[in-house]
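First up is the structure itself, then whatever we jot down about it.
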Amino acid sequence: MSTFENFFRLSITSLLRDRLLYLLLSLAFLVLLLIPLFSMFSLRQVQELSVTLSLSALSLLLLVVAVLTGASSLWRDVEKRYTASVLGLPVSRGALVVGKFLAIATLLAAIAALFGLGSVLAIKVAAASYPADIPVRWDVFAAAVCFEYLKNVMLLSLAFLFSAVSTSFYFPFLASFAIYLAGSASQDVFEMLSGSYGQALLPSSRALIKGIYYLLPNFSAFDLKTQAIYALPLSPGTLVLTCIYFVCYTGLALSVAVWSFSRRELA
Amino acid sequence: MIGRIVCALFLCGYLAVIVPFTTAVAHRPLAVKLGTMPSPEVLRPLSGGNRQFIAQYAVVKVLFYYGTLVEKFREKIYLKPEYENMFDTLQTAAKLDPWNSDVYYFTQAAFTWELRRIDEVNRLLEFGMRYRTWDYQLPFFLGFNNAYFRKDYAAAAPYFEKAAKLSHDPLMVNLSARYFSESGQNEMALRFIEFMQRRTTDRKMIALYEIRKQALIGALTVQKGAEEYRRRFGTPPARVSDLVAKGVLKSIPRDPYGGEYYLDEKGVVRSTSKFARPSTPPQQKGGVPSRRMD
């Protein structure tokens, strides 16, 4: 078994022992049970509201797990001096970072799949109580769940990057959360700049904001909630571009995280 | 020991305060319960990609607030509704999630009959039609508003045509035809209310429609009585009371809005309540929606 596989398996075991994860999963299960009930708050789009609640709850769950585990995993290993003992052996720091990253990404995938399946049941129950005008497009719903997962894996790579350079838990945690908010809003800001509001700004300010826009992750491209809720068609071209963007951005962030962690003084 | 005493004191204090505290919070002014929403420009970036959820939250908030007003009305307690705040909240919801049908459905239900803010409602419905391209109800509402409230049958026609095409529902075709013939306004309104009532899950909204339905059934009963009177005696009745005096009706129906039915100069049945709740002062009717939907 390779060093990388060892790190991966050990990280998975460590994650599954985390009690916080069980608390979060219990809450998620409770939310799933309540979705059909809460959907009745809608006047006449009960099914649509159940899809909205399912996707929003999944989004929040993945965000909490990605930020908490991403921000704490490397920091905890350094704090507990686990890295000091392990990295004394002939193993690479890159394998440690990538192994841990993939372990959390696998955990996120399992959560997304489980919650997605639970959501299907909750939506079916809600939809049975009130006939909807439009049927659920399950393929679009599945795509929305997948892209929500990809979005959080991208965020996870940034949490790892911050964790790799930080000596405390708070910086990667808060920075990841801030990046999540900024990355969700960046497209709106960019589009606003392209309109009449942007013309009123100084060219240097516009250039600076555009620079920040290209630096930040663009999470809005991964948001397929509207399409899933209202059974709107997807644009395959945009989805392919988004996937390529995901691979490039995540790979880049993870590479910088590995590079930073490899050069970090851990003594 | 001291620790136990302190803990017991806190527990006693909590038990003493919990009932009055809960009562005080439950009896906050209705306006406080509705609150105010930040603008959609602020909410969009803060929503973290969950703007559909926030839009629905805004609608539910308005719905709860309005539902409480309806409940109070049924208990004969008349409160002045915060229509402007409600409309602003719904506009915010529409800008956050233009596909949300509850926004348009509720706006149609609450802002046409009570306040006759037909232009504002129609603007919101037009905005919704750009997104909900499959939904026959928005053109149906627009057609109804133009025909029933505006009496502009030419403007209503294309909307009904669109609604009929989208729904393939004979009701739409029937309604369009009857609107174009400009007859049976109360019956049309009654059918519309029944249509709306069948398509909601909210009990308070169903109750609201029930009140309006009873008012329209009363008007329709008087109208049919007046037609019977004309057939029997050759002349239209001068007053609604003539229908009872001549034995055409056993009694005059009760207007649930507290008004009295009367016949206008054209012989059309109307009510002194104008089928609106007495909480709505005339000057308030002009003070609603300000923001435009672009």
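The values are calculated or read from the model by the stated rules, or taken from the named source; none is laboratory data. Keep in mind the model is a prediction, meaning the values are calculated, not measured. Every residue, glycine among them, receives a Cβ derived from its backbone with ideal geometry; neighbour counts consider all protein chains shown. Side chains are part of the model used for accessible areas, which takes the heavy atoms of the whole protein and leaves out ligands, DNA and RNA. Shrake-Rupley method; radii C 1.70, N 1.55, O 1.52, S 1.80 Å.
Here are some notes:
- Any hit, the range A:213-232, residues being part of a helix (DSSP H, G or I), free of Cβ contacts under 8 Å to residues at least 12 places away in the same chain and open to solvent by 30 Å² or more (accessible area, probe 1.4 Å): yes
- Restricted to the range B:143-155, and to residues there that are assigned to a helix (DSSP H, G or I) and without any contact (Cβ under 8 Å) to a residue 24 or more places away in the chain, the residue that is surrounded by the most Cβ atoms within 10 Å (Cβ to Cβ) is B:Ala155.
- Residues in the range A:141-171 that are polar (S, T, N, Q) and more than 10 Å from the chain's Cα centre (by Cα): A:Ser163, A:Ser166, A:Thr167, A:Ser168.
- Of everything in the range A:176-212 that is crowded, with 21+ Cβ neighbours inside 10 Å and within 19 Å of A:Ala144 (Cα to Cα), the residue that is farthest from the other protein chains (Cβ to nearest Cβ) is A:Gly183.
- Matching residues in the range A:142-162 - criterion: being within 14 Å of chain B (Cβ to nearest Cβ) and open to solvent by 10 Å² or more (accessible area, probe 1.4 Å): A:Val145, A:Phe147, A:Tyr149, A:Leu150
- The set of residues in the range B:1-44 being assigned to a helix (DSSP H, G or I) and within 23 Å of A:Leu49 (Cβ to Cβ) consists of B:Lys33, B:Leu34, B:Pro40, B:Leu43, B:Arg44.
- All positions within the range A:237-252 that are hydroxyl-bearing (Ser, Thr, Tyr) and open to solvent by 30 Å² or more (accessible area, probe 1.4 Å): A:Thr238, A:Tyr245, A:Tyr249
- Number of residues in the range B:238-268 that are open to solvent by 90 Å² or more (accessible area, probe 1.4 Å) and over 32 Å from the mean Cα position of the chain (by Cα): the value is 1.
- Note on the range B:206-263: residues that are under 30 Å from A:Leu43 (Cα atoms) and in contact (Cβ under 8 Å) with a residue 12 or more places away in the chain total 20.
- Residue within the range A:147-166 that is among the hydrophobic types (A, V, I, L, M, F, W, C), out of contact with any Asp or Glu (no Cβ under 6 Å at 6 or more places or on another chain) and free of Cβ contacts under 8 Å to residues at least 60 places away in the same chain present: no
- Of B:Pro81, B:Pro98, all but one fail to be more than 8 Å from every other protein chain (Cβ to nearest Cβ) and within 22 Å of B:Arg28 (Cβ to Cβ); the exception is B:Pro81.
- Of all the criteria given as (1) outside any loop (DSSP other than H, G, I, E, B); (2) of a type outside the set (Ser, Thr, Tyr); (3) open to solvent by less than 60 Å² (accessible area, probe 1.4 Å), the one not satisfied by A:Phe171 is (3).
- Condition met for B:Tyr105 (in contact with a helix residue (DSSP H, G or I) (Cβ under 9 Å, 6 or more places away or on another chain), at pLDDT 90 or above and of a type in the set (Ser, Thr, Tyr)): yes
So that you can scan it fast, the table gives a plain yes or no per residue for (1) at pLDDT 80 or above; (2) open to solvent by 60 Å² or more (accessible area, probe 1.4 Å); (3) over 25 Å from B:Arg116 (Cα atoms):
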{"site": "B:Pro40", "(1), (2), (3)": "yes, no, yes"}
{"site": "B:Lys72", "(1), (2), (3)": "no, yes, no"}
{"site": "B:Pro81", "(1), (2), (3)": "no, no, no"}
{"site": "B:Asn85", "(1), (2), (3)": "yes, no, no"}
{"site": "B:Thr89", "(1), (2), (3)": "yes, no, no"}
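- For the range A:174-201, filtered to residues that are within 13 Å of the chain's Cα centre (by Cα) and among the polar types (S, T, N, Q), the residue that is nearest to A:Leu63 (Cα to Cα) is A:Ser176.
- Top-ranked residue of the range B:189-237 - restricted to ones that are among the polar types (S, T, N, Q) and part of a helix (DSSP H, G or I), ranked as least open to solvent (accessible area, probe 1.4 Å): B:Gln197
- Leading residue by the ranking (surrounded by the fewest Cβ atoms within 10 Å (Cβ to Cβ)) among those in the range B:97-142 that are among the hydroxyl-bearing types (Ser, Thr, Tyr) and outside any helix (DSSP H, G or I): B:Thr133
- Annotation: of all residues in the range A:253-267 being assigned to a helix (DSSP H, G or I) and open to solvent by 40 Å² or more (accessible area, probe 1.4 Å), the one that is nearest to A:Asp77 (Cα to Cα) is A:Ser262.
- Breaking point among (1) within 18 Å of A:Ala57 (Cα to Cα); (2) open to solvent by 20 Å² or more (accessible area, probe 1.4 Å); (3) away from every other protein chain (no Cβ under 14 Å); (4) under 16 Å from the mean Cα position of the chain (by Cα), for A:Trp138: (4)
- Listing of helices (runs of 4 or more DSSP H) fully contained in the range A:1-80 that carry 3 or more residues being under 17 Å from A:Asn152 (Cβ atoms), away from chain B (no Cβ under 11 Å) and open to solvent by 10 Å² or more (accessible area, probe 1.4 Å): A:19-39, A:46-79
- Failed item in (1) of a type outside the set (S, T, N, Q); (2) over 27 Å from B:Arg212 (Cα atoms); (3) surrounded by fewer than 21 Cβ atoms within 10 Å (Cβ to Cβ); (4) within 14 Å of chain A (Cβ to nearest Cβ), with B:Phe53 passing the rest: (3)
- Yes/no for A:Ala122 being within 30 Å of B:Tyr136 (Cα to Cα) and open to solvent by 60 Å² or more (accessible area, probe 1.4 Å): no
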